[in-house]
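Nothing in this text is a laboratory measurement; each read-out follows from the coordinates by a stated rule. These numbers were taken from a predicted model, which means no experiment stands behind them. For neighbour counting, all protein chains shown are included, and Cβ atoms are generated from backbone atoms with ideal geometry for every residue, glycine included.
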Amino acid sequence: MCLMWNSAPTAWIICKSSNKKMKKRKPLVVGLTGPIGSGKTTVAGIFRKEFGIPVYHADDRAKQLMETEPELRRKIKETFGKDSYDENGRLNRVYLGQKVFADAMALKRLEKMVHPVVRADFKKWLQTQDAPYVLLENAILIKSGMDRFCDKIIWVNADENIRTERIRKRNPLWDENHIRDRMHSGKQKLENTDVAIIRLENSQNIKYLTEKIKEIHQSILDD
């Protein structure tokens with residue numbers, strides 16, 4: 001209980017103090033997406049290093065969950081064969097990639113299994129965060145429906161030739177056909193989301209990119 005002095009009209013007001021805990025404010029969720037080779041992971045790393053922004057890497061978590069979630073493992077083996085996992089129980093990414101990235105229907109079947117598990121995992125992760133905002137990095141953010149969690153989306157892009165060269169350097173065993181398949185499978189349409197888009201061009205050097213990210217970070221805090 002407390003006493004408050006109210007001067008107009010002159011009176012003491014008796015108030016009751018609440019024992020209820022204030023509900024923790026949920027951080028803003030800023031989606032981070034763009035085509036393969038655009039540099040999303042680099043961008044996420046700068047946000048984390050420069051400003052301490054937590055990042056949920058949906059693609060990496062999906063791979064982990066495909067190994068650790070028993071029901072998801074069962075569905076993948078049942079649909080794509082026992083060779084989806086190696087003798088040590090690790091996800092056979094080469095085998096599974098060959099199965100789905102050249103076959104649109106197979107990819108849709110895999111996504112239908114994986115996306116709900118990743119969405120649930122992200123919601124749990126978000127509850128543990130107390131930063132002013134978090135980044136949700138997802139190569140197919142809009143396509144997977146995870147844009148529904150976002151207050152804003154950063155769309156990272158780069159010249160196609162630059163993206164292709166980055167992919168070659170990162171994955172020297174991929175042939176040209178596989179690179180084209182991966183680039184095609186990750187295409188998204190910005191018009192399919194109602195979330196505000198922040199465009200970030202990543203065709204120049206790291207200094208230029210860092211300066212642009214600083215501007216975006218401040219605009220998110222100021223909004």
Next on the checklist: Can you give me the angle between helix 70-80 and the longest principal axis of the chain, using Cα atoms only, in degrees from 0 to 90, rounded to the nearest 10?
Outcome noted: 30 degrees
Next on the checklist: With both bridge residues required to lie in the chain, what share of the DSSP beta bridges run antiparallel, to the nearest 5%?
Outcome noted: 30 percent
Item to check | Degrees, to the nearest 10: 176-185 long Cα axis against longest axis of the chain | outcome: 30 degrees
Item to check | Eligible aspartates and glutamates near LYS152 by straight Cα distance, threshold 18 Å, same-chain separation 8 or greater | outcome: ASP130, GLU137, GLU191, ASP194, GLU201, GLU215, ASP222, ASP223
Checklist entry - How big is the Rg/Rh ratio for segment 125-164, C-alpha atoms only, Rh by Kirkwood, two decimals? => result 1.07
Next on the checklist: Over the chain, what is the relative contact order in percent, taking alpha-carbon pairs closer than 8 angstrom and at least six residues apart?
Outcome noted: 31 percent
Item to check | Cβ-based charge dipole, the chain, positive-most Cα from HIS57, PRO35, SER219 | outcome: HIS57
Checklist entry - Taking only Cα atoms, what is the 0 to 90° angle, nearest 10, from helix 104-126's long axis to the longest principal axis of the chain? => result 30 degrees
Checklist outcome for this item: Quick calc, the chain, dipole around Cα centre from Cβ unit charges on Lys, Arg (+) and Asp, Glu (-), nearest 20 debye, gives 720 debye
Checklist entry - Among the listed pairs LYS143/LYS207; LYS77/LYS124; LYS82/LYS189; LYS26/LYS77; LYS82/LYS112; LYS189/LYS212, which are separated by more than 28 Å between their Cα atoms? => result LYS143/LYS207; LYS82/LYS189; LYS26/LYS77
Next on the checklist: Can you tell me the convex hull volume per residue for segment 140-223, based on C-alpha atoms, in Å³ to the nearest whole number?
Outcome noted: 107 Å³
